[in-house]
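Asks: Before we start, here is the structure in question, set down as structure tokens.
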Amino acid sequence: MTCGEVGKLLQRYLDGTLAGGRAARLSAHLEDCRRCGLEADTYELIKKALADSRGQVPSESLARLRAFGERIARGDEPVER
């Protein structure tokens, strides 16, 4: 599985809705690919933080999360800060 394929399927995988062999291949890729593994970990942390906020999430935060998801789906390089 390529990084681009992982980007397109990562959300479904993290939500537990990616079935069978695809989930196993994606999991193996996350173990082998540091970049994709870090993106998956980051995405999980963001989801947890949003769930824990229990209140209004600033629109800027939602926009940044959407942009992050779109970069993953395209397979873009991570943004350095």
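Values in this text are rule-based calculations from the coordinates and carry no lab data. Quick caveat: nothing in here was measured; it's all calculated off a predicted structure. Cβ coordinates were reconstructed from backbone atoms using ideal geometry, including for glycine residues, and neighbour counts include every protein chain displayed.
Asks: Where does helix 20-32 land angle-wise versus the long Cα axis of the chain, in degrees 0 to 90, nearest 10?
Replies: 80
Asks: Which semi-axes, in whole Å and largest first, does the equivalent ellipsoid of the chain have when worked out from the alpha carbon gyration tensor as the square roots of 5 times its eigenvalues?
Replies: Values: eigenvalues 103, 45, 22 Å².
Over the Cα atoms of the chain, the semi-axes work out to 23, 15, 10 Å.
Asks: Quick one: helix 3-14 against the long Cα principal axis of the chain, what's the angle to the nearest 10°, folded into 0 to 90?
Replies: Approximately 60 degrees, to the nearest ten.
Asks: Same structure again: Once you charge only the Cβ atoms, +1 for Lys and Arg and -1 for Asp and Glu, what is the size of the charge dipole of the chain about its Cα centre, to the nearest 20 debye?
Replies: 200
Asks: Each label point is 7 Å from the Cα along the Cα-to-Cβ direction; what then is the distance between the points at C3 and R74, in nm?
Replies: My value for the distance between the label points is 1.4 nm.
Asks: Where does the chain land at 222 nm, in deg cm²/dmol rounded to the nearest 500, when only DSSP H runs of n ≥ 4 count, each adding -39500 (n - 2.57), divided by all residues?
Replies: Helices in the chain give a 222 nm mean residue ellipticity of -24500 deg cm²/dmol.
Asks: Can you give the angle from 0 to 90° between the axis of helix 59-74 and the longest principal axis of the chain, with both taken from C-alpha atoms, to the nearest 10?
Replies: 10
Asks: How high is the relative contact order of the chain? Use alpha-carbon pairs under 8 Å, at least six apart in sequence, and give a whole percent.
Replies: Numbers: 42 pairs, mean separation 35.6, N = 81.
Value for the chain: 44 percent.
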